[in-house]
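Student: Please read through the structure below; I'll follow up with questions.
The values are calculated or read from the model by the stated rules, or taken from the named source; none is laboratory data. Everything quoted here is computed from the prediction, not taken from an experiment. Note that we place each Cβ from the backbone using ideal geometry, even for glycine, and neighbour counts take in every protein chain shown.
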Amino acid sequence: MVLDESITTAIDSIRANLLRSLLTTIAIVIGTASVIAMVGIGSSAQRAIDDSITNVSARTLSVYPSRGRGSQKISSTPLTISDADALIEDKEINWRVSPEIRGSKSLKYGSESMTISVIGGRKTYFDIQGYEIDSGDFFTERDDLARKRVALLGSNVGTELKTSSKMLIGKDVVMDGVTFKIIGVLKPEGATGWSNPDDIIYVPLLTASDRLFGRDRVDSIRVEVPNTYTPEEAMISIERVLRREHDIGPGEENNFRINDWSQFTDLRKQATAIFSGLLIGIAGISLMVGGIGVMNIMLVSVTERTREIGLRKALGATQNAILLQFIIEAVTLCIIGGIIGVIFGSSLYFLVTVFQDWVFTIPFSAIIGSVIFSGCVGLFFGIWPAKKAAALDPAVALRFE
C-alpha cells in the first residue's frame, strides 16, 4: 500500500509541475539521446567499414614493389606483367591474380574534357573487387590480348562530361590522344576511403600497357586467396614465386612487399573499441550532469513543498513514506527523460543512416542500458533531497512560509 501510494503521489506531483519536470529532464534526454545516437551510428559505421574491407576482401593480398628503408636501399626492381603471369601459372594454390596499372590521363568527349584516374586490369580485377556491370558488358580476355581500345566507366564519369555514363555506351571518347569505345558502365560502388571506383575509367591491362602508359611495369598485383588456404600460406607461396622470378638469392631481402588486408580488420576493431568507449564515456558524463540537475530541482521542490510535507506528516505519513515518494519521483523523472532521449536519439540515428545510406538497426542493448542507467542516476541523485524531505519536523514545516 505504501509503495502504491508513493508512486501515485509522485506521478501526481510530476503532473502538477509538468513544465518544471520537463525542464528537469532535459540533461537526461540529451545524455540518453547521445548514447543511443552514438552507439547506433558507431555500429552502422563499423558495418560500413566492414563492407568496404570485404569489398577489398579480407582474404586478398596485395603485392607492391619495395621501397628503401632508411640507409638500407633495396634494389628498385619493379613488378611486371610477367610476374603476375608467373603467379597465375603456379598451381600450388588455386588463387586468382589481378595485375593493375594505374595512372591519370586526360579524357575528352565532344567539347567536354576532364582528368581521370585510369586502371588497366583484367576481368579478374572486377571479380576480385566484386564490381558488377550495370549496363553493357565487361571486356574479355580476348579484348586484352588483342589490345583493343575498349573501356568501362564508373557510374559518375558521365556527370563530369555533362552527360550520363549509360548514354556513353557505344560512343567513342579520346583518352590522351587515343580513341576508346565505351562498352559498359559499372554499378555504383561508393567511396572506399582513399578512392572512388565510380570516378574511374577501366581499360584492358595490355591496352593500358602498350597504348596508354608504354610500360609493362604494374603498380600492384592483387591475389585472392581461396578459403582452403590461410593468407599466411599464400604469402609464403607468393614470396617463393617472386623470389624466383626476381632471381633473389638466399639471405637477400625481398624487393617486393606483400600486404595482408586482414590486418586492417584488426586495426579497425581496435580503433572502433577506443572510439566507442570515448563516446559512451562522454554520454555517461552528460547523464551524470543531468543527475545533478535533477538533484538541484528536487532540493528546490522540497523547499517549495515544505508545508505539504508537514501536512502529510501531521496526518500520519511516516518518514519512510516521504522518503519513498521523493525517490520514486526522481527515478520517474529520469526514466521519462531516458525514454524521450531514446526517441530523439533513435530518430537522429535513423536520419544519419538515411543520409549516409547505411543499414539502420535498432540498438536494443543500448536502449535498455540507457533507460536503466537513467533510472539509477535518478535513484542516486534523488536520495539526498528525499532524506532532507523525510527529516523535516512537521511542526516547523507547517509554519513554513
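Student: Those residues that are part of a helix (DSSP H, G or I) and modelled with pLDDT of 95 or more, I need them from the range 88-122; list them, please.
Tutor: Answer for the range 88-122, where residues must be part of a helix (DSSP H, G or I) and modelled with pLDDT of 95 or more: there is none.
Student: From the list 125, 131, which residue is of a type in the set (Ser, Thr, Tyr) and part of a loop (DSSP other than H, G, I, E, B)?
Tutor: 131
Student: Being free of Cβ contacts under 8 Å to residues at least 24 places away in the same chain and of a type in the set (Ser, Thr, Tyr) is the filter; apply it to the range 137-164 and report the residue that is surrounded by the fewest Cβ atoms within 10 Å (Cβ to Cβ).
Tutor: Per the stated criteria, the residue is 159.
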